[in-house]
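Asks: The structure is given below, and queries will be raised subsequently.
The values are calculated or read from the model by the stated rules, or taken from the named source; none is laboratory data. Please read these numbers as outputs of a predicted model, since none were measured by experiment. So basically every Cβ, Gly included, is an ideal-geometry build from the backbone, and we count neighbours across all protein chains shown.
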Amino acid sequence: MEQLLQRYHKIRREADSYRAELICVSKYASDRAVEALIAAGVRDFGESRPQQLRDRAQRWPECRWYMIGPLQRNKAKYIARYAAGWVSVESLECAEEVVRRRDDMVPPLEVMLQINCFGLTRQHGVAESAALELYKQLRHLPQLQVVGLMAMVPPGEDVTLCVQMLKRLKAEVATPSMRHICVGMSHDYHQALAAGSTVIRVGSALFGATH
Ligand SMILES: *Cc1c(COP(=O)(O)O)cnc(C)c1O
């Protein structure tokens, strides 16, 4: 746990030096490891499995639990009820399902569009050319606010190019609520921060290969 905290403080300092936010990706982390980070003051966690997000959000309601992975429509209810944000929106249908399941009395769910920067078929996300259209459709949904653009950069691809592409798209949208670029994981968060990403999502570099 001591090493976990050392790694956390190092990554946190790096993110802070760029005034960027850090989502601690706990999808493979043990409850003990999560608990140690909460004790150190961490509140922002990322999960890719909706049921685990629900379970942890119920257990630790003082934290913000972000959905970071692909979402199937039949799991939309967990995100609607328990997620503080959803950074991997890639289809209107799924977003509509989340909205249908969301209580009208709570504030809008903050979401980001996942962009498939390199057009790779094995990658999730919408193509750059389809992103603005999806953004416009999502703007009409109540209970959802698009606050950023997210991408996953596979090893070997150029993270700086990807951040630049998302910055261009963000400038085209040009609304004040669209404020985040969420690129950068364990293998590439340094370059992503240097290129201007404002939110990084770090899992294995934080929790280690074994938890
Ligand atoms: C797992 C995951 C991460 C974190 O990946 P690491 O390489 O472990 O840092 C970030 N984003 C998404 C969408 C993920 O699924």
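Asks: Filter region 165-187 for residues that are away from the ligand (no atom under 15 Å from the Cβ), over 14 Å from Met150 (Cα atoms) and not hydroxyl-bearing (Ser, Thr, Tyr) and give the result. Outline the logic, then answer.
Replies: To start, the set of residues in region 165-187 that are away from the ligand (no atom under 15 Å from the Cβ) comprises 165, 167-179.
From the residues that got through so far, the ones that are over 14 Å from Met150 (Cα atoms) too are 171-177.
Once the filter is applied, which keeps residues that are away from the ligand (no atom under 15 Å from the Cβ), over 14 Å from Met150 (Cα atoms) and not hydroxyl-bearing (Ser, Thr, Tyr), region 165-187 yields Ala171, Glu172, Val173, Ala174, Pro176.
Asks: Within region 51-60, which residues are more than 20 Å from Met185 (Cα to Cα) and either modelled with pLDDT under 95 or within 16 Å of the ligand (Cβ to nearest atom) (or both)? Spell out the reasoning first.
Replies: Initial filter on region 51-60 (more than 20 Å from Met185 (Cα to Cα)): 51-52, 54-60.
Within region 51-60, Gln51, Gln52, Arg56 meet the criteria.
Asks: So in region 188-203, with the set limited to residues that are hydroxyl-bearing (Ser, Thr, Tyr) and under 19 Å from Glu157 (Cα atoms), which one is farthest from the ligand (Cβ to nearest atom)?
Replies: Within region 188-203, the subset hydroxyl-bearing (Ser, Thr, Tyr) is 189, 197-198.
Filter once more, so that each one left must be under 19 Å from Glu157 (Cα atoms): 189, 197.
Values: Tyr189: 8, Ser197: 12 Å.
Per the stated criteria, the residue is Ser197.
For (1) at pLDDT below 95; (2) small (Gly, Ala, Ser); (3) within 14 Å of the ligand (Cβ to nearest atom), each residue gets a yes or a no:
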{"residue": "Asp16", "(1), (2), (3)": "no, no, no"}
{"residue": "Glu35", "(1), (2), (3)": "no, no, no"}
{"residue": "Gly46", "(1), (2), (3)": "no, yes, yes"}
{"residue": "Glu62", "(1), (2), (3)": "no, no, no"}
{"residue": "Ser88", "(1), (2), (3)": "no, yes, yes"}
{"residue": "Glu93", "(1), (2), (3)": "no, no, no"}
{"residue": "Val99", "(1), (2), (3)": "no, no, no"}
{"residue": "Asn116", "(1), (2), (3)": "no, no, yes"}
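Asks: OK, next. Among all residue pairs at least 6 apart or on different chains, which show Cβ distances below 9 Å where the first residue, located in region 83-105, is assigned to a loop (DSSP other than H, G, I, E, B) and the second is aromatic (Phe, Trp, Tyr) and away from the ligand (no atom under 16 Å from the Cβ)?
Replies: Arg101/Tyr78
Asks: If you check Glu133 against the conditions, is it of a type in the set (Asp, Glu), part of a helix (DSSP H, G or I), touching a helix residue (DSSP H, G or I) at 6+ places or on another chain (Cβ under 8 Å) and at pLDDT 95 or above? Can you show your working first?
Replies: On the way: of a type in the set (Asp, Glu): yes; part of a helix (DSSP H, G or I): yes; touching a helix residue (DSSP H, G or I) at 6+ places or on another chain (Cβ under 8 Å): no; at pLDDT 95 or above: yes.
Judged against the criteria, Glu133 is not a match.
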